[in-house]
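The values are calculated or read from the model by the stated rules, or taken from the named source; none is laboratory data. Quick caveat: nothing in here was measured; it's all calculated off a predicted structure. Backbone-built Cβ (ideal geometry, glycine too); neighbour counts: all protein chains shown.
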Amino acid sequence: MTFYPRWEKTDPDIALREVGPNLYVGAFMAPPEKSWALVVDLAGEYHTKFGPLRYLFCKHVVSFPFRDGEPIPDGLLDQIYSFVVQHLLMGPILIHCQAGASRSVSVAYALLRRMYGLTHKTALARVQNPLLGPEFPAEATLQSARDWAEDALQEMVRHKRSGDH
């Protein structure tokens with residue numbers, strides 16, 4: 001049995017950890033040499049700081065920057081979920097933001113809840129960085145992820161019930 005999170009790097013500037021099978025959360029300094037199947041950049045660092053060479057060996061990179069501490073923009077989690085589902089069997093996926101503490105954590109939290117049906121408490125325990133304290137992830141960002149995950153889980157239950165009749 002595998003226990004999550006599995007910390008890859010204890011360097012706080014990297015904060016890289018596996019939070020689910022082949023699903024990693026980290027800061028923008030997460031090592032690019034892992035040959036990620038997908039990199040989900042939530043801070044815009046891929047374009048502004050390092051250019052396309054940062055993740056040269058990655059199969060696919062998507063950038064969905066939004067401001068730290070704000071709710072996740074409408075429709076963004078649906079897009080990210082679609083990319084993750086398409087790439088999950090191809091290799092490891094990295095979700096990163098600036099510090100690996102709020103945006104990436106909230107997105108990974110939502111994905112874990114929807115993909116694996118985890119409870120709020122279990123998903124949050126997998127993604128949070130215990131070194132940062134309870135103020136991370138930012139409340140507005142996490143709440144929007146939680147709302148999306150709970151809506152998605154309720155829709156799955158409704159769909160399953162309607163299919164049983």
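What number of residues within region 1-26 satisfy the criterion of being over 13 Å from N129 (Cβ atoms) and modelled with pLDDT under 80?
Of the residues in that region, 2 qualify.
Answer yes if at least one residue in region 62-81 is at pLDDT 80 or above, of a type in the set (S, T, N, Q) and closer than 20 Å to A140 by Cα, and no otherwise.
Yes, region 62-81 contains a residue that is at pLDDT 80 or above, of a type in the set (S, T, N, Q) and closer than 20 Å to A140 by Cα.
Give the residues of region 116-165 that are in contact with a Gly (Cβ under 8 Å, 6 or more places away or on another chain), assigned to a helix (DSSP H, G or I) and under 18 Å from R17 (Cα atoms), sorted by residue number.
Correct list: Y116, R126.
Of everything in region 119-128, what is surrounded by fewer than 21 Cβ atoms within 10 Å (Cβ to Cβ) and closer than 20 Å to D68 by Cα? Give them in sequence order.
Of everything in region 119-128, just one residue is surrounded by fewer than 21 Cβ atoms within 10 Å (Cβ to Cβ) and closer than 20 Å to D68 by Cα, namely L124.
Got a sec? Which of Y109, Y55 is part of a loop (DSSP other than H, G, I, E, B), in contact with a strand residue (DSSP E or B) (Cβ under 9 Å, 6 or more places away or on another chain) and either of a type in the set (S, T, Y) or at pLDDT 90 or above (or both)?
On inspection, the qualifying residue turns out to be Y55.
Any idea which residue in region 27-40 is farthest from P137 (Cα to Cα), counting only those that are modelled with pLDDT under 90 and not in a helix (DSSP H, G or I)?
Filtering first and then ranking leaves S35.
Out of all the residues in region 41-52, which are part of a loop (DSSP other than H, G, I, E, B) and modelled with pLDDT under 90?
A43, G44
Could you give every pair whose Cβ atoms fall below 6 Å, whose first residue belongs to region 10-35 and is aromatic (F, W, Y), and whose second residue is outside any loop (DSSP other than H, G, I, E, B) and at pLDDT 75 or above, counting only separations of at least 6 or pairs across chains?
Within 6 Å, the pairs are Y24/E18; Y24/L94; F28/H96.
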